[in-house]
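Single-structure report; data block below.
The values are calculated or read from the model by the stated rules, or taken from the named source; none is laboratory data. A quick note: this is a predicted structure, and the numbers were derived from the prediction, not measured. Quick reminder, even Gly has a Cβ in these numbers, built from the backbone with ideal geometry, and neighbours come from all protein chains shown. The protein model used for the area step is the full one, side chains on, heavy atoms only, and it has no ligands, DNA or RNA in it. Shrake-Rupley method; radii C 1.70, N 1.55, O 1.52, S 1.80 Å.
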Amino acid sequence: MTGASPLRGTDVLIIGGGMIGCALADRLTLDGASVRVCERGGVASGTTAHGEGNVLVSDKGPGPELALAQLSRRLWPAVLERLAERLPDDAAGLEWEPKGGIVVATTDAGAIALTGFADSQRGAGVRCESLDADQLATAEPALTREVCAAMYYPDDAQVQPAGAATALLGSAIAAGAIIETRCEVTAPLIQDGRLIGVETIRGHRYADIVINAAGPWSGTVSEVLGAPIAIKPRRGDVLITAPMPPTVFHKVYDADYVGAVGSSDAALQSSAVVESTRGGPLLLGSSRRQCGFDNRIQPDSLAAIARKALRLYPILADVAIMRAYGGFRPYVDDHLPVIGPDPRLPGLWHATGHEGAGIGLSVGTAQLISSALAGQPDEVDIMAFAVDRPAVITEPWTEEIFR
């Protein structure tokens, strides 16, 4: 945006100090708003701390979420450049790696599905190309040769999630934003039917706009505010190997991953995802299951991840597992984020429901919110993520309940 800051004079309170909340804080301060972030725990301590840092276009079919992913991917380089100029140490901790992604099918049926999916993505402007056996072996020498089809996506990238969130928040703080950790929201402050702030365990906090960016806890926050939305936690688990010499050079996953992401089944869904980190360990995923906020390690999930990773990379059979962790993702039944104003309660906005794509979609989400608050159109229609859709507001409501 150019010219006068479009949001100057607007006080915004963001509930949640994860990746989405930090991206919002960065963008809204850049556009002139006065920003306060209220985080009930520590910065990037929830979903963000338990993610893989994916910035992907490869796993999304044509539609609004892909359009948002493409917008975000285009925005990331400019965000990185700005952070590097202002906060070089923080920017280095972000660990941006535009390594590209490779999706493989290991069955004939999977190859047909992957080829058709890639064709549909090309029609939506996604860059992807088919790799033959020799090209695949050159790109990923340790990958199994039992591959029926492979697609390369040059725009897939990766960041260190907590590093990315803290870099964005550091930029916001440098521009005047206030961050309060251990600051849980306990009640809404409503005047004449409008949300004018929130009550917290630290006292009242007033704002023109309150944004619910609490990730998988957004459903709980929305209930506290009196405007419930149907966000549920969906658990995912990751295995981390001991440090290794360079072995995996792209984000590599099997074609089942797309189906697992798009599945609404509450039971365990798993697929093979293998990628490197700068420190040497490999991240092995992925799994999805609905089990509430049950934070116990799930042995069947870890076993499924290991088994499928070994099929892609047999070399991993002799590699030690250093640790495992799990986290919760904000899930919506129709598999679309929830971005925009709540029609039931003026002053309340939501930015949540990204499930496992929040890292990649964060900067695009922040731009959509900023543009909408300023009354300006954007290249992606924010109405595609509207709050008042059946998967999000499941109970009848009237404006009178807030008066």
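Any chance the stretch 146-157 includes a residue that's in contact (Cβ under 8 Å) with a residue 40 or more places away in the chain, farther than 30 Å from Leu136 by Cα and open to solvent by less than 60 Å² (accessible area, probe 1.4 Å)?
no
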- request: Please enumerate the residues belonging to the stretch 25-67 that are modelled with pLDDT of 95 or more, out of contact with any strand residue (DSSP E or B) (no Cβ under 8 Å at 6 or more places or on another chain) and hydrophobic (A, V, I, L, M, F, W, C).
  value: Leu30, Leu66, Ala67
field: strands (runs of 3 or more DSSP E) contained in the stretch 306-393 and holding at least 1 residues closer than 24 Å to Asp254 by Cβ and in contact with a Lys or Arg (Cβ under 9 Å, 6 or more places away or on another chain)
entry: 321-331
field: The listed residue being modelled with pLDDT under 95 and within 30 Å of Gly327 (Cα to Cα), out of Ala92, Ala109
entry: Ala92
query: Restricting attention to the stretch 99-117, does a residue exist that is loosely packed, with under 14 Cβ neighbours inside 10 Å, touching a residue at least 12 places away in the same chain (Cβ under 8 Å) and under 29 Å from Ser362 (Cβ atoms)?
result: no
Selection from the stretch 167-186 of residues that are surrounded by fewer than 21 Cβ atoms within 10 Å (Cβ to Cβ) and of a type in the set (Ser, Thr, Tyr): Thr181, Thr186
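Which of the following residues is among the hydroxyl-bearing types (Ser, Thr, Tyr), within 17 Å of Gly63 (Cα to Cα) and open to solvent by less than 50 Å² (accessible area, probe 1.4 Å): Thr352, Thr365?
Thr365
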query: Which of the residues belonging to the stretch 235-293 are of a type in the set (S, T, N, Q) and either at pLDDT 90 or above or in contact with a strand residue (DSSP E or B) (Cβ under 7 Å, 6 or more places away or on another chain) (or both)?
result: Thr241, Thr247, Ser263, Gln269, Ser270, Ser271, Ser276, Thr277, Ser286, Ser287, Gln290
